[in-house]
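Everything below concerns the one structure shown next.
The values are calculated or read from the model by the stated rules, or taken from the named source; none is laboratory data. Treat the numbers as computed from the prediction; the structure is a model and nothing was measured. Backbone-built Cβ (ideal geometry, glycine too); neighbour counts: all protein chains shown. The accessibility values were calculated without ligands, DNA or RNA, using every heavy atom of the protein model including side chains. Shrake-Rupley method; radii C 1.70, N 1.55, O 1.52, S 1.80 Å.
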Amino acid sequence: MADGDLRPADYVGFRDAAAAILGRHSGAGALDAFGFTDVYADGAEDLRPAYAFLEAQGSCCVSTPALGLLALAGLDDDRLATDGRSPLFGAPVGRSSLVAVPGMTPDDGVLVDRRGSGLVAVEDPSAVRRTPPAPVADDYLTVLDLDRAECRVVVPEGEAEALREGIVARTRLGAAAELLGLTDRLLRDAAGYAGQRAQFGRTLSSFQAMQHLLAWAATERHQLTCLFDIAVAGSAAGPVDPELARAVKAMAGRVFHAVAQTAIQVTGAISFTWEHSLNRPHQRGMALDQLAGSSADLVAAIGRQARTEGVVPELFALAAGAADT
Amino acid sequence: MVARVPGDLSRDADLAGFAARFRVWLAESTADVAPLLAEHSDYDVRVQNARALRRLLCEHGWGLAGWPEEAGGLGGSILHRSVVTEELFRAGWSGPTVFEHLEIIAPTLVEFAAPEFVQAVVPAFLDGSRSWSQGFSEPEAGSDLASLRTRAVRDGDDFVVNGAKIWTTWSKWAHWCLALVRTGSAEERHRGLSMIAIDLASPGVEVRTIRQANGTDELAQVHFTDVRVPAAQLVGEVGRGWNVALYLLARERGTLSWLRHCAFRHWLTTGTEVMGEDSDRELGSVVLQLAGVRAAAARLLSRAADGAQLGPEAAFNKLLMTRTEQSLFNLLREVDGGRIALPADSPEDVLQQQEYLFSRIVTIYGGSQQMQLTTVARHVLGLRDG
Ligand SMILES: Cc1cc2nc3c(=O)[nH]c(=O)nc-3n(C[C@H](O)[C@H](O)[C@H](O)COP(=O)(O)OP(=O)(O)OC[C@H]3O[C@@H](n4cnc5c(N)ncnc54)[C@H](O)[C@@H]3O)c2cc1C
């Protein structure tokens, strides 16, 4: 959506630059062209360009390992790197022993968080990957089954505890950035389709019922951009507040599902075909929603905390929310 | 020690510091402030308290912070006003009743009215001695506002106004009505409209309150019969009333959502006391919706503080704010339906019932939900009819 004037200008600049690169490159090549690793080479002080990259990646539906790198950004620990390469973080999926690694290639090392053990390296990630019996619409996330994996402790539990919060917050905010990009993509494509296809001698977008469906989708997306932008702006000044990151991720998942449903409704039966352009981003968003806490689980956790503490969280101060837009 | 006066209100000054100074003042003034914040089921008492609170806040400078000097303020921006609002809610406020219009009507007067008129009326609005109502809707002109018929005809230095407004909130207590009137022909539609401030004490004005479904009488019909209004009370130019109305509505739909979300937090927090584990998911969902309203409001406030023209994006705020208000009260009904549905036996329950029923109609005021969706579809998404 053309809302560059409503969102922080610096951020939009990074996002649009990333989108231009992702139109031509994918994988590690796209990261190099953007200078992704430089973003956090100096201690991860300002990760806004990384979040902007991820939003663009969602919107272009391209695969890179950016999200797996972002999770470990700034940890600046020689023990993490294997063969001089940064490993990717395998984010937990649901309440199972599965982890999902974004944009993984066979050469990548994978690090996961195991409560009680610490941050552990998965010895041979390819050996424990889930292999679906049939092709998948989107292969961005590689799913590993840790129950079958040999793991080696890299950062012991005692030290890992202090790193956990940051890893989770960055993963959540990064996944939310991608979900926002995917949401944009679905909304843009659906609105475009409705403006092209005619029924009853008129374009679909001329029917008020279609207009209102799309307007609700745009409204959902708007609230997500507002909350997301506040979290990202705050990330430049210090660690992301875990409660805010949780809320952003929960909202991103919910908004994504709502907008995906609208996109399917607006595009009609054609969207239920394997090759339709909507299928891949839809599958990707569904999977990303499961990463590092699904929207369903996070929403329940937010409610539980509000009820047991009797406090409805404010999540950010007006001064912070107003500062960077 | 933190000072007890508003202090530096410049754009770059520390907003958090301003909030801290206000909190100190609030804490030290509890004896005076607390009684004015308390909830009352009697609306007249609420209005009296709201006036007294405005007076107190202005005496100490806090009620003038964020308002321009030409309107009797101390300078600063809407962000300062919004900080004061939030801190008052944190201290247990139930809301400003008739002075909700302050954030809607006063900025409109400052922007469009003649400077002498602004000086004459806005300070008295800020200090609570005078309040305003908004006369747009008519019995035959609701969503199709540009079809309104109340006429204003120039006669010497005055306009003579004839017609009727309806749903004119808080006019029972108001001294002024900011009215959208027809100065051109019916065929000119919105180009034939002007905005004018009418003193409700003028001969020929009759205010008839409307008893509402929730038992209160905040709404009213206002009839005008040959009411003479000085032309100096025009707000904006003749024939440009629609622009003034859009400016005002962007406040009612948009920036007001900050104040409203503070009230939602207050009700939701109270509601958590009677919730069980089985409500966690729904409660989490409403908390998240509230976060969306807060974030969208913060963005709009920041744009307003920067002097941006608030356009159709205010429709987002109205849609989010009213959906959240209904979700919130749906949840309260689901966890404690008896409190909302059965005859009440305490002032708190009466208030809860009033608010519940009010929440049912919030998708109508200020332009219905359908009209907001159409605004987003046409002016944000660029979708076209036909
Ligand atoms: C609590 C409250 C306070 C108010 N305060 C004020 C006030 O202070 N001052 C003031 O001037 N007015 C006020 N109003 C009036 C308000 O602005 C109008 O009620 C509103 O604009 C709708 O007009 P209406 O009630 O005539 O409904 P109608 O316009 O008759 O609409 C009825 C239904 O039809 C739908 N509809 C109408 N046209 C379309 C369309 N083109 N497409 C799709 N659906 C459509 C509407 O969405 C609505 O659901 C208030 C209303 C309420 C409920």
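Out of everything in region B:272-303 that is among the small types (Gly, Ala, Ser) and crowded, with 24+ Cβ neighbours inside 10 Å, what residue ends up being nearest to residue B:247 (Cα to Cα)? In this case the residue turns out to be B:297.
Tell me, please, whether a residue that is among the polar types (S, T, N, Q) and free of Cβ contacts under 8 Å to residues at least 40 places away in the same chain can be found in region B:248-265. No: region B:248-265 contains no residue that is among the polar types (S, T, N, Q) and free of Cβ contacts under 8 Å to residues at least 40 places away in the same chain. Looking at the structure I just gave you, is residue B:230 within 13 Å of the ligand (Cβ to nearest atom) and either assigned by TED's automatic domain parsing to the domain that holds residue B:73 or surrounded by fewer than 20 Cβ atoms within 10 Å (Cβ to Cβ) (or both)? So residue B:230 fails the test.
If you go through region B:173-187 and keep only what is touching a helix residue (DSSP H, G or I) at 6+ places or on another chain (Cβ under 9 Å) and more than 10 Å from the ligand (Cβ to nearest atom), you end up with B:173, B:175, B:176, B:181, B:182, B:183, B:184, B:185, B:186. Those strands (runs of 3 or more DSSP E) of region B:116-200 in which 1 or more residues are buried (at least 18 other Cβ atoms within 10 Å of the Cβ) and among the aromatic types (Phe, Trp, Tyr) occupy B:132-135, B:158-166, B:176-182. Which numbered condition trips up residue A:44, out of (1) at positive phi; (2) open to solvent by less than 10 Å² (accessible area, probe 1.4 Å); (3) modelled with pLDDT under 95? It fails just one condition, (2).
I'd like to know if region A:197-204 contains one or more residues that are of a type in the set (S, T, N, Q), within 16 Å of the ligand (Cβ to nearest atom) and open to solvent by 60 Å² or more (accessible area, probe 1.4 Å). No, because not a single residue in region A:197-204 is of a type in the set (S, T, N, Q), within 16 Å of the ligand (Cβ to nearest atom) and open to solvent by 60 Å² or more (accessible area, probe 1.4 Å).
Filtered by the rule that a residue be away from chain A (no Cβ under 14 Å), over 13 Å from residue B:182 (Cβ atoms) and within 16 Å of the ligand (Cβ to nearest atom), region B:136-165 gives B:137, B:139, B:142, B:144. Applying a threshold of 9 Å to beta carbon distances and a minimum spacing of six or more residues, or different chains, the list of pairs starting in region B:364-386 at a residue that is under 12 Å from residue A:214 (Cα atoms) and facing another protein chain (nearest Cβ under 9 Å) and ending at one that is open to solvent by 40 Å² or more (accessible area, probe 1.4 Å) and polar (S, T, N, Q) reads B:373/A:208; B:374/A:208; B:377/A:208. Of the residues making up region A:280-325, those that are at pLDDT 95 or above and in a helix (DSSP H, G or I) number 26.
If only one of B:378, B:333, B:339 is within 16 Å of the ligand (Cβ to nearest atom) and among the charged types (D, E, K, R), which one is it? Talk me through it step by step, then tell me what you get.
Values: B:333 fails: within 16 Å of the ligand (Cβ to nearest atom); B:339 fails: within 16 Å of the ligand (Cβ to nearest atom).
That would be B:378, the only listed residue that is within 16 Å of the ligand (Cβ to nearest atom) and among the charged types (D, E, K, R).
Condition check for residue A:207 on (1) of a type outside the set (A, V, I, L, M); (2) within 18 Å of residue A:262 (Cα to Cα); (3) facing chain B (nearest Cβ under 7 Å): one failure, at (3).
Restricting region B:348-362 to residues that are at pLDDT 95 or above and surrounded by 19 or more Cβ atoms within 10 Å (Cβ to Cβ), the residue that is nearest to the ligand (Cβ to nearest atom) is B:359. Could we say that residue B:252 is charged (D, E, K, R) and either outside any helix (DSSP H, G or I) or more than 10 Å from every other protein chain (Cβ to nearest Cβ) (or both) here? Taking the combined requirement at face value, the residue satisfies it. Residues that are loosely packed, with under 15 Cβ neighbours inside 10 Å and either hydroxyl-bearing (Ser, Thr, Tyr) or in the same structural domain as residue B:357 (by TED's automatic domain parsing) (or both) within region B:210-227 comprise just one, B:225.
The rows are residues; the columns are (1) within 14 Å of chain B (Cβ to nearest Cβ); (2) closer than 30 Å to residue A:219 by Cα; (3) in contact with a Lys or Arg (Cβ under 8 Å, 6 or more places away or on another chain).
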{"position": "A:5", "(1), (2), (3)": "yes, yes, no"}
{"position": "A:11", "(1), (2), (3)": "yes, yes, yes"}
{"position": "A:29", "(1), (2), (3)": "no, no, no"}
{"position": "A:32", "(1), (2), (3)": "no, no, no"}
{"position": "A:47", "(1), (2), (3)": "no, yes, yes"}
{"position": "A:64", "(1), (2), (3)": "no, yes, no"}
{"position": "A:67", "(1), (2), (3)": "no, yes, no"}
{"position": "A:75", "(1), (2), (3)": "no, no, no"}
